[in-house]
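Asker: Quick one: the structure is below, and I'll ask about it shortly.
The values are calculated or read from the model by the stated rules, or taken from the named source; none is laboratory data. Predicted model, so just to flag it, every value in this text is computed and none were measured. Heads up, the Cβs are rebuilt from the backbone with ideal geometry, glycines too, and the neighbour counts pull from every protein chain shown. For accessibility, only protein heavy atoms count, side chains too; no ligands or nucleic acids. Shrake-Rupley method; radii C 1.70, N 1.55, O 1.52, S 1.80 Å.
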Amino acid sequence: ATMAVDKSRVAVGFMVAGVLTVAFGVVLTFVGPMIIDDQIVKNTVIDPQNDLSYTMWKDIPVPFFMSVYFFNVLNPKEVLKGEKPMVEQRGPYVYRKRCQKDNITFHPNDTVSYREYRKFFFEPSMSAGNESDVVTIPNMLVLGAAVMMEKLPYAVRLMISATFKTFKEGPFLTKTVGELMWGYDSGLVDFLNKYLPGMLPSSGKFGLFAEFNNSNTGLFTIFTGKDDIKNVHRVDSWNGLTELSNWGTRQCNMINGTAGQMWPPFMTKESTLPFYSPDACRSMELVYQRPGVMKGIPLYRYVAPKTLFANGTDYAPNEGFCPCRQSGLLNVSSCRHNSPVFISHPHFFNADPVLLDYVQGLHPTEEEHGLFIDIHPQTGVPLNVAIRLQLNLYMKQVSGITGYIDGPILNTFHTNLVVLPAVMEFMQYGFIVLGLASIIIATLVHHKIRVKLAHAHMIQYQKIALKMTIIMFIVIISGTIYRATKMSYRDRPIYTYLYICTVYQLWC
């Protein structure tokens, strides 16, 4: 009987424990997600008191890698004759990108301002070549300038073409990868920076990414999420602007979304991924494609819609980004010093198929050329990012702009702009000397006729003749100085005034 009572008590005990466990489980079913969400909110808000999350936001510990590919032009001479460019893809040349936020300032309206500085370091072990590899690409300085100068007078275009020849700049450029990336010495670049400051984006060497390295992306002001976690990381302003002025419509000029590194938590399949890119000079928005898993962590993949770089004809909201060409090309000339530069997906993926007919050697696929971001939906933290973009230069034959001026055009150019100005400059001094000589001769003849003049008067006239001779020599010497020193026409009046003062002192 005692054994039966003990077993009964044990059974009751297990029943009570089971009921309590079920009750605890039910409570956790409702309370657990709330606790987890509360912890996510606390660790997502940008707050210096959150040591771990704040440090990760300030100095991103996850390495970013930039893979660069070059299209090596195999037939540059044939391209100039009108044939299709034949290209081979070279790369990747991989660079590790280090990002660090500085000048961090918190504001009373639950926003924080900062500048993010970036440095790039070449990773030979991850690359398919070295920075010493030599490639041939279109010369952006020459071809870009040709299109930009298309509407200028013909004589000006001839002068620009002569400038290209002087500095031995042709329509194609053969340089090492390192020089193309971070800058190379160019007499043309030095000339433009000296006489046309501000025309080029950089005052130093010219390179495709010269202005990116050791630079910052501008002054971002974003929401911390303290007032509303749905606003965390959302951009409030960039460089003090709440909207841009590069584009033709207010919608295209809007600064939307985050700075492109993190997004608000609790994302759904209906959520989109908006962000502002200073390098693309516009806001972009990715859309949900599919769920996935990365090392056991659930994720949502967001991709670029086909309308991202569509032209205004195919997608009306993009009309503000025009003047446009084929769909798949974004004209960024308005924020790139008006140079004819276009952004697209690599190999013209998701672009108008006609673009593939312009170049030989392109093979677009979504796997290799599609743009995507994998996000952990509960925290808004990116797990895998592939921002794949292609830089394109619009090439066009412009009358008067050639690789080199030669033949009759060069002779005409030299005659009209070099020989004739020199002849006219010598002629002007010749006429002055001739006029002075005529005055002197006339004065002497006049003196001979008036033989009755007193000897004192004769001496006076001799002094006048001497002074005029001195004046004649001053004029000749000043002209020689102008020619020898290549004095600008702006400075000549100043020195001419000094000479006149000297002559006046001699006369008086």
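Asker: Treating only the Cβ of Lys, Arg, Asp and Glu as charged (+1, +1, -1, -1), what charge dipole size does segment 246-313 show about its Cα centre? Round to the nearest 20 debye. All intermediate terms of the calculation are to be shown ahead of the outcome.
Answerer: Details: 7 positive and 3 negative charges, 39 e Å.
Rounded to the nearest 20 debye, it is 180 debye.
Asker: For residue 255, list long-range residues whose amide hydrogen, built 1.01 Å from N in the peptide plane, is under 5 Å from its own amide hydrogen.
Answerer: HN-HN under 5 Å from residue 255: 244.
Asker: Give me the percent of accessible area attributable to carbon and sulfur for segment 177-313, probe 1.4 angstrom.
Answerer: Numbers: 3400 of 6620 Å².
Taking all protein chains in place, segment 177-313 shows 51 percent carbon and sulfur surface.
Asker: So if I take the alpha carbon set of segment 299-392, get Rg, then get Rh from the Kirkwood formula, what is the Rg over Rh ratio? List each step's numbers first, then the result.
Answerer: Numbers: Rg = 14.6 Å, Rh = 14.4 Å.
Reported Rg/Rh, Kirkwood definition of Rh: 1.02.
Asker: While we're looking at this one, here's another question. Can you give the extra length, in nm with one decimal, that the chain gains between residue 175 and residue 251 once fully stretched, where that is 0.36 nm per residue apart less the Cα-Cα distance?
Answerer: On the way: separation 76, 0.36 × 76 = 27.36 nm, distance 4.05 nm.
Extra length available between residue 175 and residue 251 comes to 23.3 nm.
Asker: Using Cα pairs under 8 angstrom and six or more residues apart, how large is the relative contact order of segment 56-194, in percent? Let's see the in-between values first.
Answerer: Details: 183 pairs, mean separation 28.6, N = 139.
The normalised contact order for segment 56-194 reaches 21 percent.
Asker: Here's something else I'd like to know. At what distance in nm do the modelled label points of residue 165 and residue 314 sit from each other, each positioned 7 Å from its Cα along Cα→Cβ?
Answerer: Each label point lies 7 Å from its Cα, and together they span 4.2 nm.
Asker: What percent do you get for the relative contact order of segment 1-108 when only Cα pairs under 8 Å and 6+ apart count?
Answerer: Values: 70 pairs, mean separation 21.9, N = 108.
Dividing the mean separation by the residue count of segment 1-108 yields 20 percent.
Asker: Shifting gears a bit: Obtain the nm distance between the two label points defined at residue 39 and residue 134 by a simple spin-label model: each point lies 7 Å from its Cα along the Cα-to-C-beta direction.
Answerer: Going from the residue 39 label point to the residue 134 one covers 6.0 nm.
Asker: Just the accessible area per residue of segment 225-293, please: how many Å² with a 1.4 Å probe? Can you show the working numbers first?
Answerer: Values: 3400 Å² over 69 residues.
With the other protein chains kept in place, segment 225-293 gives 49 Å² per residue.
Asker: Moving to a separate point now. Please report the equivalent ellipsoid semi-axes of segment 215-336, computed as sqrt(5 x eigenvalue) of the Cα gyration tensor, largest first, in whole Å.
Answerer: Values: eigenvalues 133, 83, 29 Å².
Three semi-axes, in Å: 26, 20, 12.
Asker: Less than 18 Å from a label point 7 Å out along the Cα-to-Cβ axis of residue 322: which backbone N atoms in segment 248-262 qualify, by residue?
Answerer: It comes to 248-253, nothing else.
Asker: Could I ask something else about it? Grab the Cα-Cα distance for residue 23 and residue 74, subtract it from 0.36 nm times how many residues apart they are, and report the gain in nm with one decimal. Please report the intermediate quantities before stating the final value.
Answerer: Details: separation 51, 0.36 × 51 = 18.36 nm, distance 7.38 nm.
Extending this stretch completely gives an extra 11.0 nm.
Asker: Students often check this: by mean Cβ neighbours within 10 Å, which of 76-87, 10-21, 348-359 ranks highest, and how do the rest follow? Before the final figure, lay out each step's value.
Answerer: On the way: 76-87: 13.5, 10-21: 10.0, 348-359: 16.7.
For the peptides 76-87, 10-21, 348-359, the packing ranking is 348-359, 76-87, 10-21.
Asker: Order 228, 102, most accessible first, counting only protein heavy atoms with a 1.4 angstrom probe. Walk me through the intermediate numbers first.
Answerer: Working: 228 60, 102 85 Å².
Most to least solvent-accessible, the answer reads 102, 228.
Asker: Working from the pairwise distances between different alpha carbons, so that the mean of 1/r is found and then inverted, what is segment 77-130's Kirkwood radius in Å?
Answerer: Hydrodynamic radius (Kirkwood, Cα pairs) of segment 77-130 is 15.5 Å.
Asker: What number, in percent, do you get for the relative contact order of segment 212-323 if the mean sequence gap of Cα pairs under 8 Å and at least 6 apart is divided by its residue count?
Answerer: Working: 191 pairs, mean separation 21.6, N = 112.
Rounded, it is 19 percent for segment 212-323.
Asker: Could I have the simple spin-label model distance between residue 83 and residue 386, label points 7 Å from Cα toward Cβ, reported in nm to one decimal?
Answerer: That separation, rounded to one decimal, is 3.4 nm.
Asker: Return the tail of the calculated pair distribution for segment 281-332, meaning the percent of Cα-Cα pairs more than 16 Å apart.
Answerer: Working: 661 of 1326 pairs.
Counting pairs separated by more than 16 Å, the tail of P(r) holds 50 percent.
Asker: In a solvent-free Debye calculation with one equal scatterer on each Cα, what is log10 I(q)/I(0) for segment 323-367 at q = 0.15, 0.26 Å⁻¹, listed in the order of the q values?
Answerer: Each listed q maps to, in turn, -0.40, -0.94.
Asker: At R0 = 56 Å, how high is the FRET efficiency between residue 155 and residue 104 if r is their beta carbon distance? Nearest 0.05 is fine. Present the calculation step by step, with values, prior to reporting the outcome.
Answerer: On the way: r = 54 Å, r/R0 = 0.96.
With a Förster radius of 56 Å, E is 0.55.
Asker: Tell me, rounded to the nearest percent, the portion of alpha carbon pairs in segment 5-59 spaced more than 17 Å apart.
Answerer: On the way: 906 of 1485 pairs.
Pairs farther apart than 17 Å: 61 percent.
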